[in-house]
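Trainee: Handing you this structure, nothing more for now.
The values are calculated or read from the model by the stated rules, or taken from the named source; none is laboratory data. Values in this document were obtained by computation on a predicted structure and should not be read as measured data. Ideal geometry is used to build each Cβ from the backbone, glycine not excepted, and the neighbour counts take in all protein chains shown.
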Amino acid sequence: MSAVKLVLAALAGYLIGNFQSGILVSRRFGVDDIRKVGSGGTGTTNVLRNLGFLPSLIVFACDMLKGALGVWIGRWLGGAWGAALGGVFSIVGHNWPALFGFRGGKGVATALGALIALEPALGLVVLAVAVVLIALIRIVSIVSILGTLAAVIVLIALNPGNGAYVFFGVCALVMVVYAHRENIVRLKNGTERRLDFKAILNKGKRK
């Protein structure tokens, strides 16, 4: 295993993660910088609340693709550890993008894309379950945090002794939980917002 290739895998993942689809897509839909509205994040949920379903779906797909690309390129460069590093650093790049002032999103979609690239069946099941749970309880942060935790536990259980997957899972979980620290406080206080699908649909109609 070449250290140079592993460094390149991490660097490639970080650079891919820097692509902030939330900012670029929101500009196309009339918002110059999505970080100046709502929660201030560049991810799917903030775009969904402020611009509607179509822009948020585009952002979600692009952010997942970043994670998958990080893993695929990393695997090509450095095998399992390259894949893990590429996936982890695609999340780092998404959450703290140097090209956008280190202000990005919360890394959930990017982590999911990386998970799908690492363990496709598990990733797709997590995606399907998450969509159903969000539709039912309408609190994205709960699904994001608990879904990431469950996915990491299953990923490690399915790959016993695979240090690269343990590294990816633990790093992804820590970053997702850290990114949701303010949401956790609101959940404890009972003030976390639920999605208002009717309002979101109306926003989409006005675009």
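Trainee: Can you tell me which of R193, R186 is among the basic types (K, R), over 25 Å from F89 (Cβ atoms) and part of a loop (DSSP other than H, G, I, E, B)? Before the answer, list the steps.
Mentor: Working: R186 fails: part of a loop (DSSP other than H, G, I, E, B).
Being among the basic types (K, R), over 25 Å from F89 (Cβ atoms) and part of a loop (DSSP other than H, G, I, E, B) holds for just one of R193, R186, which is R193.
Trainee: Here is a follow-up. Evaluate the range 12-20: report whether one residue or more is more than 13 Å from the chain's Cα centre (by Cα), surrounded by 19 or more Cβ atoms within 10 Å (Cβ to Cβ) and free of Cβ contacts under 8 Å to residues at least 40 places away in the same chain.
Mentor: no
Trainee: Quick one: is G204 at pLDDT 95 or above and either in contact with a Leu (Cβ under 8 Å, 6 or more places away or on another chain) or assigned to a helix (DSSP H, G or I) (or both)? Steps first, answer last, please.
Mentor: Values: at pLDDT 95 or above: no; either in contact with a Leu (Cβ under 8 Å, 6 or more places away or on another chain) or assigned to a helix (DSSP H, G or I) (or both): yes.
No, not satisfied.
Trainee: Give the range 72-117 a look and list any residue that's small (G, A, S), in a helix (DSSP H, G or I) and under 10 Å from the mean Cα position of the chain (by Cα), or say none. Before you say what the answer is, go through the steps one by one.
Mentor: The initial filter retains those residues of the range 72-117 that are small (G, A, S), namely 74, 78-80, 82-84, 86-87, 90, 93, 98, 101, 104-105, 107, 109, 111, 113-114, 117.
Subsequent filtering for residues that are in a helix (DSSP H, G or I) retains 74, 78-80, 82-84, 86-87, 90, 93, 98, 109, 111, 113-114, 117.
Scanning the range 72-117 gives S90, A109, A111, G113, A114.
Trainee: For the range 26-45, which positions are touching a residue at least 24 places away in the same chain (Cβ under 8 Å), part of a helix (DSSP H, G or I) and buried (at least 23 other Cβ atoms within 10 Å of the Cβ)?
Mentor: Within the range 26-45, the first condition is being touching a residue at least 24 places away in the same chain (Cβ under 8 Å), and the residues that meet it are 26, 28-30, 35, 40-45.
From what's left, part of a helix (DSSP H, G or I): 26, 28, 35, 44-45.
S26, T44, T45 - these are the residues of the range 26-45 that are touching a residue at least 24 places away in the same chain (Cβ under 8 Å), part of a helix (DSSP H, G or I) and buried (at least 23 other Cβ atoms within 10 Å of the Cβ).
Trainee: Quick one: G123 ticks every box in (1) of a type outside the set (S, T, N, Q); (2) buried (at least 18 other Cβ atoms within 10 Å of the Cβ); (3) touching a residue at least 40 places away in the same chain (Cβ under 8 Å) except a single one, so which number is it?
Mentor: (3)
Trainee: Going by what's in this entry, would R49 be described as within 23 Å of I142 (Cβ to Cβ) and at pLDDT below 95?
Mentor: Working: within 23 Å of I142 (Cβ to Cβ): yes; at pLDDT below 95: yes.
Spelling it out, R49 is indeed within 23 Å of I142 (Cβ to Cβ) and at pLDDT below 95.
Trainee: Could you tell me whether G169 is within 20 Å of G82 (Cβ to Cβ) and without any contact (Cβ under 8 Å) to a residue 12 or more places away in the chain?
Mentor: Working: within 20 Å of G82 (Cβ to Cβ): yes; without any contact (Cβ under 8 Å) to a residue 12 or more places away in the chain: no.
In short, no.
Trainee: Which numbered condition trips up L158, out of (1) at pLDDT 95 or above; (2) exposed (fewer than 12 other Cβ atoms within 10 Å of the Cβ); (3) among the hydrophobic types (A, V, I, L, M, F, W, C)?
Mentor: Just one mismatch for L158, condition (2).
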